[in-house]
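See structure below.
The values are calculated or read from the model by the stated rules, or taken from the named source; none is laboratory data. Just so you know, these numbers come straight off a predicted model, no measurement behind them. Every residue, glycine among them, receives a Cβ derived from its backbone with ideal geometry; neighbour counts consider all protein chains shown. Calculation scope for accessible area: heavy atoms of the full protein, side chains included, ligands and nucleic acids excluded. Shrake-Rupley method; radii C 1.70, N 1.55, O 1.52, S 1.80 Å.
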Amino acid sequence: MLQIRDLYKSYGKQVALNGVNLDVKRGETLVIMGPSGCGKSTTIRCINRLTEPDQGSIVVDGKAVLELQGEALRAYRRNVGFVFQQFNLINRLTVFDNVIFHLVLAGVERDLAEERAEQALRKVGMLKHRHKKPTNLSGGEQQRVGIARALASNPDLMLWDEPTASLDPILVGEVLEVMEELVRTTQTTMVIVTHEVSFALKVADRIVLMDQGQIVEAGSPQAVFNAPKSEIGRKYQKLIAG
Amino acid sequence: MLQFFRDGFLKDYIVLMLVTIVVGAIFSSGLAWAVDSHFGDSINQMIGDQGEYDLILHIREEAKEVALRELERIAEEQFPGAKINETLTVAGQSNIFFGFPPAAKTEEVFVNLPGIFNGVPGLNGYTVIVEPSILIRGVHPSVRQQLQERFQEITGVKFSFKDGLNMLVVLDSMDNSKAVSEEIQAILDEYQILELRFPMGFQVDTGQVANEVMDLIKDQVNPDQMLNVSSAEYGEELDAFLKTLVEMRNFLLSYASKVRIKAKPGFHLVEGEQIVVQGTGEVVPSQDSEFEEGLVVVEVINVQGDQAEGMIIKGSISDATEVLEQKGYRLLSNGTISEYLADVELENERYYLQYAVEESLRLLRELDELAVEASLAVENADAILNSFQEALMQLEVLQIQLHKLSEGLTQNGTQSASEQLIVSLLVNGLVKNLVQAGAENLPDNSLQSLEDLDVEAMRSSLSNIASQITNVQDIDVQAIIDQISYVRDSLPLLEDEDIGKSIRLINTYLAGQVIPGERVQILIQNGIIDDKQFEAEIRDSLDNDYVNTYLTTVGMINPDARAELFKLLKEIRATIAGMLAVVFVIAILILDQATIFSTLKFLRSTRNAAKNKILRLVNPAIIFSSLIGMILLSNIYLLAKAEIPFVTIEIVAIAGLIIGALIGGLSERFSPVNSQEIMAGQALGLSNVQIMREIVIPASRPGLLNLLNRAKQRF
C-alpha cells in the first residue's frame, strides 16, 4: 500500500532523513522506533505532506503523494488519519465538533457525519464528553478525541506520531488500550511512531528501527527484539530484558 | 503564498480589503467631520451667522459692563434693532460683537465708525467683519480714491470704505461674491507700484530719482500713466519708528561709557561673550570665583582681530573720573568667573560731558558779570578816545605854533648862531616831549601817524561792541543756567547698565526688522515692465549697486474672515482625517491583517527553503504585509480626503509600506496563530480558505476580519 523510496530531508545542515526506504502492506501495523531525532516523526509527516521532503518518492495506493497538489492532496489527506503527539484539537470547538467539522467541510452529509462522529467517539469512549471543550479534558481524553477525529473519516491509512509522548504515565494506558483495540478491530493500515516497546510487541506486525535518518533494522517484533542486528536493536533488547 | 490565496481565500481577502478601505475612509473622514462640525458650530455660535454681526469691539475687561451699557444705549438711540453679543475674553480684552440693523448698513455709518463708538468706555479698537464683503488688503493710498470710485460702479457692490490700510467692498449678496471679486481683481491688475528701495543711510533726492525712473521706463509705459507717489503716507509710521529706534541706539552707544578690549595673546574675542572687570568698586574679580555684585560685566561687540569694543551690561563706572585700565575675565553662563583673557580700558564719557556742563555753567554765571564789566570798559574806552582826540588836536595846534616859533627864531638875525641852535633844540625837545606825553612809543613822525588813526571807525567799533554787550545782557542767562543745571542733574540717572540693557532691547527688536532706507514709488497704470531688468538699468543710472526694485500690487484681495476660518477648519479636518487614517491602518493591521501575516509566515516555515540564497532571505509574508500597509493607507487617505501638511501621497504610501513591514515583521507578537490547529486542519484535508475561516480567523482578535468571517464560518 505504501512505498517510500530514497527519502531525504534536511533542516539546514541537520540531516533528518538520509535515504529512507520503506514498504507497508495494506492492513499491516508498522511500528517505527528509534531514539529521539532519528527521523521517525519526519518520516510519517512526509507521508501526509505535513513536512515536504527534499528528495525521494512516496507512493500510496499507486499515487505519487509528493506530486499531489490542491484538491488532490486534500483528498489524499482526508483518507489518511493522523494522530498528533500534542493532540492538535481545535480548542474553541466542542469535542463533537472537533470530530465532525472536517467531515462536514469535506462535503459529507451532516447526518452521516454526525453518525460517524458518534461512532468514532463511542469507540474511544468519549461520547459522553461530546459537549465539552478540549481544555476541560485530561490529556488522555484529548488524545482519545484526537484518535476519534482521525477515525471518523474512515481512513485507509492511519499515522500515529508518538501519541502517548505528551501524556503522563497514568494516562498513557488508556490511550494504548484504545489503540490496541483499534488495531485489533479494524483493518486499517497503521504506521505508528512510538517509544512504547511493550505496546509495539503487542500490536506490531513489523517493527522498523531508525537511527540518524536511516532505517537500521526491520522485521517482526520477535526478530528485531530477540535477535537484533543493529546497535539500536540491541539497546531495545537490553531494555526488554531489564 | 500564492497557493494560500488561490484556494479560495483571495475572494475573502479582496472583500476584506475593500471593506477595510471603505470603513477606514468613513471612520477617518467621519470622525474628522464630527470634529470639524463641532468647531464649526462653536464658531457659528460665537460669531453668529453670516452677516449677523458687523463689528467686533475690543473692550478692556474691567470696562466691559459699562461698555455694554453704552453700546446698548447707542443701539437703542441710533440703531434700533442692532444686535450685541459678548463673546470671548482673551488676555484681559473682551470682544463684543455688534450687528447693525439692515437699514443702517450704509457707507456713511461705516465711514463714521470712530465717531459712533469712540465714546464707548474701555474701547481698545474694533475689527470690521461686515458680510458679505470683499476685503482688499494694503491698498496704496495714492489710488484709494480712484479705486473706491471704480469699485462702486461694479454691479453687486453696495458700497465700499476705507478701513485702515485696507478697503472693504460690501456686497448686495454673497452670490455676487465671485463675479465681483473677479472684477475687483481685474481693476487691481491695471495698477502696479514700481518701488525702489535704497539702503539705510543712503540719502537721495527722491523727486529727482523718480524723474529718472520715469524717464527710463517711458518707452514701456505711457508717461501719462505714471505718477510719483513716493510721498504717500503708506507705511510711513513704521519706517519712522524704526529710524527713530536706530537713532536712539546710536545715541545711547555714543553716550555709554567707552570700552576698549584687547585680547591677551592666545585668546580670541567673540562677539556676545561677557567679560568681568573690577570697575570702580572694591571687589576684585579673580579666576574660578563666583560673580559678585559690584563687579562690572562687559559684552563684547564689534570684534576686529584681537581688539574689540564693549558695552557695559551690568554695573556702572559712572563715578570714574579717568580712564580705567583693568584685567578682563571671561564670565561663564553659570556665573563663574573664568580665565583672564583681555585687558580692558573703560572711559566714562558721561564724566567728560558732566565736566563740560559744569564748566559751561561756570562760564554762564560769569557771563553776566563779564558783560557789565565789558560795558564799563567800552564806556571808558570811549572816554579815553575822546580825550585822545582832543589831546591830538591840541598837539597839532601846539606843533604849528612851535614851528612858527622855530621859523621866527631862524629868520631873526640878531641872535647868534649859538643862541639860535639852543632855541631850536629846546623847541624840538619840547615838541617831542609833548608828543611822547600824548602817545608813547610813537615814532618821530608819530604825530602824523596819530592823525592817520581812524578814530571814527574805532568809535563805531566800540559802539558795536557796546551794542553786542547789551544783546548779551538781554539773553536770559539764568534760564540757560537752569536748563543746563537740569541736564547736569539728569546725567547720572542713566547708568551704564541701563544703557546696555536699552541697547540690547533695541537690538532685539531691530533684529527681525528691515531698516527702511529711502524709497521711491512710481504708480504705473496699464504698463508692463520687467522689474529685474529695470533694476540693472537703474543701478547703472544711479551708480548704486544696492538699490533694489520691486513691483507690487496696489492691493490684494483677501478672502473674508469667515471663509478663512472655515478653510482653516477644513485643513484641520483633512489633517485629522490623515492622522486617523494612519491610526486606523495601524489598528487594522494589528487586529486583522497580523493574523494573516502570521499564518503566511507559519505556512512558509513548513515549506522547503528556497534554493536561491536571496529568496531564502526575503520573506514574502513581510513583502506582502508592506504592500498591504501601503495599499490600505494610501487608499484610505485618498478616500477620506485627508491632507497632512507637507505630506504627499507618495510619502503616505511609503509610510504605509513601512508600517506594513513593521507589523508584518512583528505579526506573531500581535496575533500569534496556533500552529498545532493549523497543522491539524492541513492533516484533515482542509483547504487554506477552510483553515482560515474555521480555525485561524475565529481564534484571532476581534476585528473586521473576524466580523466578516462570521457569515462564512460553519462551526
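Condition first: closer than 24 Å to B:V372 by Cα, at pLDDT 70 or above and either part of a helix (DSSP H, G or I) or open to solvent by 80 Å² or more (accessible area, probe 1.4 Å) (or both). Can you find one or more residues in region B:485-508 that meet it?
Checked against the condition, which is being closer than 24 Å to B:V372 by Cα, at pLDDT 70 or above and either part of a helix (DSSP H, G or I) or open to solvent by 80 Å² or more (accessible area, probe 1.4 Å) (or both), region B:485-508 yields at least one hit.
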Filtered residue count, region B:323-356, keeping only those that are more than 22 Å from B:I503 (Cα to Cα) and free of Cβ contacts under 8 Å to residues at least 24 places away in the same chain: 4
Index of the failed condition, B:K712 passing every other in (1) in contact with a Lys or Arg (Cβ under 8 Å, 6 or more places away or on another chain); (2) more than 14 Å from chain A (Cβ to nearest Cβ); (3) open to solvent by 30 Å² or more (accessible area, probe 1.4 Å): (2)
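Just give me the residues in region B:117-136 being over 30 Å from B:E182 (Cα atoms) and crowded, with 18+ Cβ neighbours inside 10 Å, in sequence order.
Once the filter is applied, which keeps residues that are over 30 Å from B:E182 (Cα atoms) and crowded, with 18+ Cβ neighbours inside 10 Å, region B:117-136 yields B:F117, B:V120, B:G122, B:L123.
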Single residue of B:I628, B:I622, B:I644 found to be surrounded by fewer than 22 Cβ atoms within 10 Å (Cβ to Cβ), more than 14 Å from chain A (Cβ to nearest Cβ) and either over 60 Å from the mean Cα position of the chain (by Cα) or in a helix (DSSP H, G or I) (or both): B:I622
Qualifying residue in region B:227-241 (condition: over 20 Å from the mean Cα position of the chain (by Cα), open to solvent by less than 60 Å² (accessible area, probe 1.4 Å), at pLDDT 75 or above and β-branched (V, I, T)): yes
Single unsatisfied condition, B:D368 versus (1) open to solvent by 70 Å² or more (accessible area, probe 1.4 Å); (2) assigned to a strand (DSSP E or B); (3) among the acidic types (D, E); (4) touching a residue at least 24 places away in the same chain (Cβ under 8 Å): (2)
Number of positions in region B:79-104 that are modelled with pLDDT under 85 and surrounded by fewer than 18 Cβ atoms within 10 Å (Cβ to Cβ): 9
Those residues of region B:666-704 which are open to solvent by 10 Å² or more (accessible area, probe 1.4 Å) and away from chain A (no Cβ under 13 Å), in sequence order: B:L666, B:E668, B:R669, B:F670, B:P672, B:R701, B:P702, B:G703, B:L704
Index of the failed condition, B:I522 passing every other in (1) modelled with pLDDT of 75 or more; (2) in contact with a Phe, Trp or Tyr (Cβ under 9 Å, 6 or more places away or on another chain); (3) under 30 Å from B:Q225 (Cβ atoms): (2)
Odd one out for A:G70 among (1) of a type outside the set (D, E, K, R); (2) buried (at least 16 other Cβ atoms within 10 Å of the Cβ); (3) facing another protein chain (nearest Cβ under 8 Å): (2)
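Given the criterion among the small types (G, A, S) and more than 14 Å from B:V585 (Cβ to Cβ), identify the matching residue among B:S687, B:S626, B:S634. Reasoning before the result, please.
Values: B:S626 fails: more than 14 Å from B:V585 (Cβ to Cβ); B:S634 fails: more than 14 Å from B:V585 (Cβ to Cβ).
Result: B:S687 is the single residue among B:S687, B:S626, B:S634 that is among the small types (G, A, S) and more than 14 Å from B:V585 (Cβ to Cβ).
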Scope region A:1-58; condition open to solvent by 60 Å² or more (accessible area, probe 1.4 Å) and β-branched (V, I, T); matching residues: A:V15
Members of region A:152-172 that are within 17 Å of the chain's Cα centre (by Cα) and open to solvent by 30 Å² or more (accessible area, probe 1.4 Å): A:N154, A:D156, A:A165, A:S166
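Could you list, in sequence order, all residues of region B:253-298 that are of a type in the set (D, E, K, R), at pLDDT 90 or above and assigned to a strand (DSSP E or B)? Break it down stepwise before answering.
So in region B:253-298, the residues of a type in the set (D, E, K, R) come out as B:258, B:260, B:262, B:264, B:271, B:273, B:282, B:288, B:290, B:292-293.
So of that shortlist, the ones also at pLDDT 90 or above come out as B:260, B:262, B:264.
Scanning region B:253-298 gives B:R260, B:K262.
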Of residues in region A:150-169 being touching a residue at least 12 places away in the same chain (Cβ under 8 Å) and out of contact with any strand residue (DSSP E or B) (no Cβ under 8 Å at 6 or more places or on another chain), the one farthest from A:D61 (Cα to Cα): A:D168
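Tell me yes or no: at least one residue of region B:189-203 is modelled with pLDDT under 80 and of a type in the set (A, V, I, L, M).
At the first step, the residues of region B:189-203 found to be modelled with pLDDT under 80 are B:197-203.
Remaining after also requiring of a type in the set (A, V, I, L, M): B:200.
There is at least one residue in region B:189-203 that is modelled with pLDDT under 80 and of a type in the set (A, V, I, L, M).
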Top-ranked residue in region A:106-127 [being hydrophobic (A, V, I, L, M, F, W, C) and open to solvent by 20 Å² or more (accessible area, probe 1.4 Å); ranked as farthest from the other protein chains (Cβ to nearest Cβ)]: A:L127
Given (1) in contact with a Lys or Arg (Cβ under 7 Å, 6 or more places away or on another chain); (2) in a loop (DSSP other than H, G, I, E, B); (3) facing another protein chain (nearest Cβ under 8 Å); (4) not basic (K, R), index of the condition A:P53 fails: (3)
Residue match in region B:149-162 (condition: buried (at least 20 other Cβ atoms within 10 Å of the Cβ), of a type in the set (S, T, N, Q) and at pLDDT 85 or above): yes
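Just to be sure I understand, how many residues within region A:81-99 are open to solvent by less than 20 Å² (accessible area, probe 1.4 Å) and facing chain B (nearest Cβ under 8 Å)? Give the derivation first.
From region A:81-99, those open to solvent by less than 20 Å² (accessible area, probe 1.4 Å) are A:81-84, A:88-90, A:93, A:95-96, A:98-99; that's our starting set.
So of that shortlist, the ones also facing chain B (nearest Cβ under 8 Å) come out as A:82, A:84, A:88-90, A:93.
Within region A:81-99, residues that are open to solvent by less than 20 Å² (accessible area, probe 1.4 Å) and facing chain B (nearest Cβ under 8 Å) number 6.
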Residue count for region A:2-40, restricted to those that are at positive phi and away from every other protein chain (no Cβ under 14 Å): 6
Residue match in region A:180-187 (condition: touching a residue at least 12 places away in the same chain (Cβ under 8 Å) and open to solvent by less than 20 Å² (accessible area, probe 1.4 Å)): yes
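Could you say whether any residue in region A:128-151 is open to solvent by 30 Å² or more (accessible area, probe 1.4 Å) and facing chain B (nearest Cβ under 8 Å)? Don't jump to the end; show me each part of the working.
Going through region A:128-151, the residues open to solvent by 30 Å² or more (accessible area, probe 1.4 Å) turn out to be A:128, A:130-133, A:135-136, A:138, A:141-142, A:144.
Next, from what is left, pick out any that are facing chain B (nearest Cβ under 8 Å): none.
For region A:128-151, residues open to solvent by 30 Å² or more (accessible area, probe 1.4 Å) and facing chain B (nearest Cβ under 8 Å): absent.
Considering region A:126-149 alone, what residues qualify as being out of contact with any strand residue (DSSP E or B) (no Cβ under 7 Å at 6 or more places or on another chain) and β-branched (V, I, T)? I'd like the intermediate steps shown before the answer.
Keep residues of region A:126-149 that are out of contact with any strand residue (DSSP E or B) (no Cβ under 7 Å at 6 or more places or on another chain), which gives A:126-145, A:148-149.
Listed by number, the residues that qualify are A:T135, A:V145.
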